[in-house]
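**Student:** I have a structure I would like to understand better, so I am pasting it below and will then ask my questions one at a time.
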Amino acid sequence: MKVINQTKNTLICPKVEIADTIVSRLVGLLNRETLSEDEGLIITQCRCIHMFFMRFAIDALFVNKNNQVIGAVKNIKPFRLSPYFFTSSYVVELAVGAIEKSQTQRGDKISTEE
């Protein structure tokens, strides 16, 4: 599945997986050593992420139920917390640089496609 910025008509990530179970949401990217620039993870029911025990930094897009970006956090380093986004429905975790490369910002509308 890929994530697209509909507002800017740019590709955010060509290959994302979805973490939508309790276990997959809890594990997230913790079992990974790296994240390539064409990979990402969508974590459902998520308003904040932690980077405890992570081995690499990531970018994160927090998205509301209308698929509008309400938070774009670049380069979250290991052992840090993201800000809390009260109206976030899900988060898209991406390789560092993906937000800047796709020119995604707060207010943009995103979509997923097979």
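The values are calculated or read from the model by the stated rules, or taken from the named source; none is laboratory data. Computed from a predicted structure; not experimentally measured. Cβ: placed from backbone, ideal geometry, glycine included. Neighbour counts: every protein chain shown.
**Student:** Name every residue in the stretch 30-48 that is in contact with a strand residue (DSSP E or B) (Cβ under 6 Å, 6 or more places away or on another chain) and of a type outside the set (Ser, Thr, Tyr), in order of residue number.
**Tutor:** Within the stretch 30-48, 35, 37, 38, 39, 40, 41, 42, 43, 46 qualify.
**Student:** Conditions: (1) surrounded by 14 or more Cβ atoms within 10 Å (Cβ to Cβ); (2) assigned to a loop (DSSP other than H, G, I, E, B); (3) modelled with pLDDT under 95. Residue 34 meets all but one. Number of the miss?
**Tutor:** Residue 34 satisfies all of (1) surrounded by 14 or more Cβ atoms within 10 Å (Cβ to Cβ); (2) assigned to a loop (DSSP other than H, G, I, E, B); (3) modelled with pLDDT under 95 except (1).
**Student:** Please tell me if residue 92 is loosely packed, with under 14 Cβ neighbours inside 10 Å and either touching a Ser or Thr at 6+ places or on another chain (Cβ under 8 Å) or not in a loop (DSSP other than H, G, I, E, B) (or both).
**Tutor:** The answer is no for residue 92.
**Student:** Does residue 74 satisfy the criteria of being assigned to a loop (DSSP other than H, G, I, E, B) and either closer than 24 Å to residue 111 by Cα or at pLDDT 95 or above (or both)?
**Tutor:** It is false that residue 74 is assigned to a loop (DSSP other than H, G, I, E, B) and either closer than 24 Å to residue 111 by Cα or at pLDDT 95 or above (or both).
**Student:** Exactly one condition in (1) in contact with a Cys (Cβ under 8 Å, 6 or more places away or on another chain); (2) farther than 18 Å from residue 35 by Cα is false for residue 66; which is it?
**Tutor:** All conditions are met except number (1).
**Student:** Counting just the residues of the stretch 11-28 that are in a helix (DSSP H, G or I) and exposed (fewer than 12 other Cβ atoms within 10 Å of the Cβ), which one comes out modelled with the lowest pLDDT?
**Tutor:** Filtering the stretch 11-28 for residues that are in a helix (DSSP H, G or I) and exposed (fewer than 12 other Cβ atoms within 10 Å of the Cβ), the one modelled with the lowest pLDDT comes out as 26.
**Student:** If you don't mind, there's one more thing I want to ask. Do we have residue 86 as modelled with pLDDT of 95 or more, loosely packed, with under 15 Cβ neighbours inside 10 Å and either among the hydroxyl-bearing types (Ser, Thr, Tyr) or assigned to a loop (DSSP other than H, G, I, E, B) (or both) here?
**Tutor:** Yes; evaluated as a whole, the condition is true for this residue.
**Student:** Taking the options 101, 8, name whichever one is surrounded by 14 or more Cβ atoms within 10 Å (Cβ to Cβ) and either part of a helix (DSSP H, G or I) or without any contact (Cβ under 8 Å) to a residue 12 or more places away in the chain (or both).
**Tutor:** After ruling out the rest, the residue left standing is 101.
**Student:** Right, here's the next one. Can you find a residue in the stretch 50-70 that is within 19 Å of residue 114 (Cα to Cα) and small (Gly, Ala, Ser)?
**Tutor:** Scanning the stretch 50-70, I find no residue that is within 19 Å of residue 114 (Cα to Cα) and small (Gly, Ala, Ser), so the answer is no.
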